[in-house]
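This report concerns only the one structure given below.
The values are calculated or read from the model by the stated rules, or taken from the named source; none is laboratory data. From a predicted model like this one, the values you see are computed outputs, not experimental measurements. So basically every Cβ, Gly included, is an ideal-geometry build from the backbone, and we count neighbours across all protein chains shown. These area figures cover heavy atoms from the full protein model, side chains too; ligands, DNA and RNA do not enter into them. Shrake-Rupley method; radii C 1.70, N 1.55, O 1.52, S 1.80 Å.
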Amino acid sequence: MDIEVVRKIFAKRFEGRKGNVYFAPGRINLIGEHTDYNGGFVFPGAVTCGIMAEVCPNNTDIIRAYAIDLDDSAQWAVDDAESPQVTWAKYIYGMIREFQALGVKVGGFDVAFAGDVPLGAGMSSSAALEVCFGVALNDLFAGNTITTWQIALAGQATEHKYVGVKCGIMDQFASAFGKKGQLMRLDCNSLEFEYYPFAPVGYKLVLVNTCVKHELVGSPYNDRRCSCERVARAVAAKHTERNINTLRDCTWEDLQEVQAGLSAEDLQRATFVLGEKDRVLAVCEALQRGDYEEVGKQMYLTHEGLSKAYEVSCEELDFLNQVAKACGVTGSRMMGGGFGGCTINLVKDECYDNFVQTAIENFKARYGKAPQIIPVHIGDGGHKVC
Ligand code: GLA
């Protein structure tokens, strides 16, 4: 992203002043989808595209914010009880509120920000925005005393309280903790994580974006979460001797035991989540052996589960998954919350050009427009640029 563009626009808009520049990335996820809010494992990494913001305290109690890409502005007072109406400003408002709840005295500031994470692609531009402001508020108003985990959790709380998406922690975690060239395996129950260097020789990761708008706000995302929670509660009711909070604490036997009392839909969804837990662990082992064929196999299984059992895919994503299979792509699946967005594809070098070309041509023939091809580069988490 071009820092000079952000600087120029900031100066033009805000009386020639100069602030600090902060950046936080979007993310990919190799495997482990819809497992985070079930206390399971995820395998994300930060990407090199994200949100960049120039921020400068203005010695008032007013926030003056400008979204460069949308050419839209918003203004509110630091202690306003009501959040601004415009969606993008709610993320900033929420982060300020969460920082205040942590005891940080946030003052007024001016900000202009821009991004190059495709919106609605399932790459979590919203987490990038949250973490970018988390890093900025931490630096400008908290003397960097807020931890990286607190920033990630403030981002998640912002989604829950101010945007209305009951998301897990994966996206904010990845945007905050990402490291160049490394994926991370996070245990969403204990919040322990490990870095996994990811540079598969002979393979590339590429996203193919359907450009079907992925909109978790008002999508059945929260319904899926409710299904999972109902099943976990049913198991907990049978096993008061155990500490069962999420599906992470449930076994296949537990599921069998309660299945008669569940709706077919809830059972199907819980079956996916338990299977996905096993698949992430299988992928970790495969990565340790350098067995990318196995990684790819698990990715296809995840797609099938997300599409048929969890029902968060869409026709365009299923189509791209089929194209990948037909082209001999090693692994392919829809990525992120679903209902649109992109597929993530693990592709052998010799297969790459043909796959990309075929995906573009076939998708265009079917849907009348080309999908967006996004090569994956694993980058660093949120930080101050200058
Ligand atoms: C969205 C949410 C995440 C996670 C994924 C699905 O990206 O923000 O918390 O649940 O969907 O894996």
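Applying the Karplus parametrisation 6.51 cos²θ - 1.76 cosθ + 1.60 with θ = phi - 60° to the phi angles of the range 62-79, what ³J(HN,Hα) value in whole Hz is obtained for each residue in order, glycine and proline being reported as x?
For the range 62-79, the Karplus curve yields 10, 9, 10, 10, 10, 8, 4, 5, 9, 6, 9, 10, 8, 9, 7, 8, 3, 9 Hz.
Just flag the trypsin sites (Lys or Arg not before Pro) in the range 280-386 sitting in loop per DSSP whose Cβ has no more than 12 other Cβ atoms within 10 Å.
Passing both the DSSP loop test and the Cβ count: K369.
Roughly what angle does helix 292-304 make with the longest principal axis of the chain, taking Cα atoms, 0 to 90 degrees, to the nearest 10?
Roughly 90 degrees between the two axes.
Per the helix-only calculation at 222 nm, which mean residue ellipticity applies to the chain, given -39500 (n - 2.57) for every DSSP H run of n ≥ 4 and division by its residues, nearest 500 deg cm²/dmol?
So the helix-based figure for the chain works out to -13000 deg cm²/dmol.
With the other protein chains left in place, how much accessible area per residue, in square angstrom, belongs to the chain at a 1.4 angstrom probe?
Ligands and nucleic acids excluded, the result is 40 Å² per residue.
If you take every residue apart from G50 with its C-beta less than 15 Å away from the C-beta of G50, what net charge results, scoring Lys and Arg +1 and Asp and Glu -1?
My count for the surroundings of G50 gives -3.
Hey, what do the phi angles of the range 82-98 turn into as Karplus ³J(HN,Hα) couplings, whole Hz, using 6.51/-1.76/1.60 and θ = phi - 60°, x for Gly and Pro?
Taking θ as phi minus 60°, the curve returns 9, 7, x, 6, 5, 4, 4, 6, 4, 5, 6, 4, x, 5, 4, 4, 5 Hz for the range 82-98.
Would you work out if the range 299-341 is rounded, prolate or oblate? Take a ≥ b ≥ c from the square roots of the eigenvalues of the alpha-carbon gyration tensor; rounded if a/c is under 1.5, else prolate when a/b is larger than b/c, oblate otherwise.
prolate
For the range 347-352, what does the Karplus curve 6.51 cos²θ - 1.76 cosθ + 1.60, with θ = phi - 60°, yield as ³J(HN,Hα) per residue in whole Hz, taken in order and with x for Gly and Pro?
10, 5, 3, 6, 9, 4
Please give me the summed charge of the neighbours of P200: other residues whose Cβ is under 13 Å from its Cβ, Lys and Arg +1, Asp and Glu -1.
-1
On C-alpha positions alone, give me the angle between the axis of helix 125-141 and the longest principal axis of the chain, in degrees, nearest 10.
Relative to the chain, helix 125-141 is tipped by roughly 40 degrees.
GluC sites (Glu not before Pro), restricted to the range 1-46: which are DSSP loop and have at most 15 other Cβ atoms within 10 Å?
Here the sparse-neighbourhood loop sites are E15.
What do the square roots of 5 times the Cα gyration tensor eigenvalues come to for the range 36-116, in whole Å, largest first, as semi-axes of the equivalent ellipsoid?
Equivalent ellipsoid semi-axes, largest first: 25, 18, 12 Å.
State the Kirkwood hydrodynamic radius of the chain in Å, one decimal place, computed from all pairs of distinct Cα atoms.
Result for the chain stands at 21.5 Å.
Cα centroid distance between the range 328-368 and the range 12-71, in Å?
Taking the Cα centre of the range 12-71 as reference, the centre of the range 328-368 is 27 Å away.
At 0.36 nm per residue, and after removing the present C-alpha to C-alpha distance, how many nm does the segment from D71 to K180 gain when stretched out fully?
36.1 nm
So, in nm, how far is label K105 from label T87 when the simple model puts each one 7 Å beyond its Cα toward the Cβ?
Placing both labels 7 Å beyond Cα along the Cβ direction yields 3.7 nm.
Report the GluC sites (Glu not before Pro) located in the range 153-205 that are in a DSSP loop and have at most 13 other Cβ atoms inside 10 Å of their Cβ, or state none.
E192
Under the definition of Cα pairs under 8 Å and six or more residues apart, what whole-number percent is the relative contact order of the range 254-386?
That works out to 16 percent.
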